[in-house]
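The values are calculated or read from the model by the stated rules, or taken from the named source; none is laboratory data. A quick note: this is a predicted structure, and the numbers were derived from the prediction, not measured. Ideal geometry is used to build each Cβ from the backbone, glycine not excepted, and the neighbour counts take in all protein chains shown. Heads up: the accessible areas ignore ligands, DNA and RNA and are worked out on the full protein's heavy atoms, side chains in. Shrake-Rupley method; radii C 1.70, N 1.55, O 1.52, S 1.80 Å.
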Amino acid sequence: MTDTPAAADAASLAKENEALKEDIAAKSDLISVSAHSLRTSLTSMKWILKMFLDGDFGALTGEQKSFMEKAFASDERMIRLVNEMLSINHAEDMLDTMNLVPVDTVKMLEEINFDFTGESYKRGIELIFLKPATNISPALADSEKTRVVFQNLIENAIKYSNKGDRVVITVNETAENVEVSVRDTGIGIAPADQPSIFQKSFRAENAQKQDSVGSGLGLYTTKRIVEKNNGTIRFESAPGTGTTFFVTLPKAK
Ligand code: ADP
């Protein structure tokens, strides 16, 4: 009898602790997803500003150039900040909650494709979204996290390609699934590295040479998100020839 109040206190503390943990997880989840999308938008702006600065849309006056340079520098500072946010906030935090809703993958891929237009143009890589001729059923997925999945795959396809390469995005549907593919004609993945690429922090040697600043967290997070959405992810790759990632997501009934 004497320890009942203490036990009740402990139980209520444990409950409170659980509620707080859930609260923290939901907040980090929001930070991760927002930071990913912020990074894509800021990077998209960076490349568009670069196009202006390089005179791709015509020569700038001295004053225009000076303002553009300030905007470019400020954008780069923001990207660094967002990268820090992403590295502090662990990728796992994105996986705790999945809010499954019908997602229009065609519209989403069009938006993401636009975000990467400036970057692919400046890098001399052709980025093509083969928009399907017929309507595609909505997928059942967490919308913002699915956006992170496609952003990661397209970002990698561009990052691990060279001038003159091509990135092609397709989407179609089967009876059960919506299927998205992201194909590049870039550096490819050596057979010995292929079993490791979804592992946390893994970066192949050719990828490190190509881009020294990656985290090796993108594909790890991508795979976890897809699987939490009851989807699948796989790839085919050959060094020097390129890589294709295939993602399936269940259709919304
Ligand atoms: P990061 O790009 O930060 O290195 P990711 O987790 O996104 O990390 O990718 C892990 C590794 O998988 C990369 O370092 C690279 O070795 C390989 N990889 C991913 N996508 C591609 C691609 N499209 N072409 C070639 N290699 C790739």
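Just a few scattered comments:
- Normalising the average separation of contacting C-alpha pairs (under 8 angstrom, six or more residues apart) by the number of residues puts the relative contact order of the stretch 1-150 at 31 percent.
- Net charge dipole, the chain: roughly 680 debye, given to the nearest 20, about the Cα centre with Cβ charges of +1 for Lys and Arg and -1 for Asp and Glu.
- On Cα atoms only, tilt of 218-228 relative to the major axis of the chain in degrees: 50
- Fully extending the segment from Glu236 to Ser137, taken as 0.36 nm per residue of separation minus the present Cα-Cα distance, adds 33.1 nm.
- With the charge dipole of the chain set up from +1 on Lys and Arg Cβ and -1 on Asp and Glu Cβ about the Cα centre, the Cα lying farthest toward the positive end among the listed residues Asn152, Val213, Gly118 is that of Gly118.
- Seen against the Cα atoms of the chain and their longest principal axis, helix 62-88 is set at about 30 degrees.
- Simple rule: put +1 on each Lys or Arg Cβ and -1 on each Asp or Glu Cβ in the chain, find the dipole, and look at Leu49, Leu140, Ala175; the Cα lying farthest toward the positive end is Leu49.
- Between the stretch 47-71 and the stretch 137-156, the Cα center-to-center distance that results, in Å: 32
- The chain - accessible surface per residue (Å², probe 1.4 Å): 55
- Expressed as a whole percent, the accessible surface of the stretch 127-213 that belongs to carbon and sulfur atoms is 48, based on a 1.4 Å probe.
- Cα gyration tensor shape for the stretch 96-148, rounded if a/c is under 1.5, else prolate or oblate: oblate
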